[in-house]
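Novice: Before I ask anything, here is the structure I am working with.
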Amino acid sequence: MTQTTLRRTIPQTQKMFDDYGVLNGDNDIIHYDDQFAKDRGFRGTLGHGLMYTGYVCDLAAKRYGADWHYRGRLTVKYVRGVCPGDNLEVRIEGDGAVACQSQFDTTLVGSVKLA
């Protein structure tokens with residue numbers, strides 16, 4: 001059975017990166033120092049990859065309900081950074097394919113399913 005595509009667009013901010021870093025204890029300077037990130041070739045500070053994984057899991061829970069928390073399986077690959085000011089679209093296709101896409105590029109790919 002094919003289900004419809006689920007999607008959500010989440011504008012990214014430095015405050016989100018800062019708050020997430022407090023929650024998970026990630027103090028890597030690449031998430032907080034804009035000039036440091038730019039000096040390394042990025043457009044700005046980089047969001048935490050696990051933030052985007054969390055966005056995917058949120059949509060998967062909407063798709064699969066309580067079963068997601070007991071039988072959910074997730075595979076992701078981070079392919080590009082996400083910076084403050086990006087409008088990140090998180091998407092789960094009917095076949096379980098997952099993608100995060102900013103206005104610049106695809107940032108994450110993968111899949112979700114129930115075991």
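The values are calculated or read from the model by the stated rules, or taken from the named source; none is laboratory data. All of these numbers come straight from a predicted model, not from anything done at the bench. Cβ sites come from the backbone with ideal geometry, for glycine too, and all protein chains shown count toward neighbours. Ligands, DNA and RNA are excluded from the accessible area calculation, which covers all protein heavy atoms including side chains. Shrake-Rupley method; radii C 1.70, N 1.55, O 1.52, S 1.80 Å.
Novice: Note down all Cβ pairs under 7 Å where the first residue falls in the range 1-16 and is closer than 15 Å to Ser102 by Cα and at pLDDT 95 or above, the second is among the polar types (S, T, N, Q) and part of a strand (DSSP E or B), and they're at least six residues apart or on different chains.
Specialist: Thr9/Asn87; Pro11/Asn87
Novice: Restricting to the range 90-103, and then to whatever is of a type outside the set (A, V, I, L, M, F, W, C) and either in contact (Cβ under 8 Å) with a residue 24 or more places away in the chain or closer than 21 Å to Phe42 by Cα (or both), can you tell me which residue is surrounded by the most Cβ atoms within 10 Å (Cβ to Cβ)?
Specialist: As a first pass, look at the range 90-103 and keep what is of a type outside the set (A, V, I, L, M, F, W, C): 91, 93-96, 101-103.
Filter again for either in contact (Cβ under 8 Å) with a residue 24 or more places away in the chain or closer than 21 Å to Phe42 by Cα (or both), leaving 91, 93-95, 101-103.
Details: Arg91: 17, Glu93: 16, Gly94: 12, Asp95: 10, Gln101: 19, Ser102: 21, Gln103: 10.
This residue is Ser102.
Novice: Which one of these does Gly81 not meet: (1) out of contact with any helix residue (DSSP H, G or I) (no Cβ under 8 Å at 6 or more places or on another chain); (2) in a helix (DSSP H, G or I)?
Specialist: Going through (1) out of contact with any helix residue (DSSP H, G or I) (no Cβ under 8 Å at 6 or more places or on another chain); (2) in a helix (DSSP H, G or I) one by one, Gly81 breaks only (2).
Novice: I would also like to ask the following. Any residue at all in the range 55-78 that is closer than 21 Å to Gln12 by Cβ, outside any helix (DSSP H, G or I) and out of contact with any strand residue (DSSP E or B) (no Cβ under 7 Å at 6 or more places or on another chain)?
Specialist: no
Novice: Mind telling me which of the residues Thr9, Thr53 ends up being open to solvent by 50 Å² or more (accessible area, probe 1.4 Å) and hydroxyl-bearing (Ser, Thr, Tyr)?
Specialist: Values: Thr53 fails: open to solvent by 50 Å² or more (accessible area, probe 1.4 Å).
Checking each option against the conditions leaves just Thr9.
Novice: Another one. Might you check whether a residue that is within 13 Å of the chain's Cα centre (by Cα), surrounded by 13 or more Cβ atoms within 10 Å (Cβ to Cβ), modelled with pLDDT of 95 or more and of a type in the set (Val, Ile, Thr) occurs anywhere in the range 21-43?
Specialist: Looking only at the range 21-43, we keep the residues that are within 13 Å of the chain's Cα centre (by Cα), and these are none.
No - not one qualifying residue is present in the range 21-43.
Novice: Do we have Ala115 as of a type in the set (A, V, I, L, M, F, W, C), more than 25 Å from Lys15 (Cβ to Cβ), surrounded by 13 or more Cβ atoms within 10 Å (Cβ to Cβ) and in contact (Cβ under 8 Å) with a residue 12 or more places away in the chain here?
Specialist: Numbers: of a type in the set (A, V, I, L, M, F, W, C): yes; more than 25 Å from Lys15 (Cβ to Cβ): yes; surrounded by 13 or more Cβ atoms within 10 Å (Cβ to Cβ): no; in contact (Cβ under 8 Å) with a residue 12 or more places away in the chain: yes.
No, not satisfied.
Novice: Something else about it: Within the range 58-89, work out how many residues are crowded, with 19+ Cβ neighbours inside 10 Å, under 21 Å from Asp26 (Cα atoms) and without any contact (Cβ under 8 Å) to a residue 60 or more places away in the chain.
Specialist: Qualifying residue count, the range 58-89: 2.
Novice: All but one of (1) under 29 Å from Asp33 (Cα atoms); (2) free of Cβ contacts under 8 Å to residues at least 24 places away in the same chain; (3) surrounded by 13 or more Cβ atoms within 10 Å (Cβ to Cβ) hold for Val109; state the number of the condition that does not hold.
Specialist: So the condition that Val109 fails would be (2).
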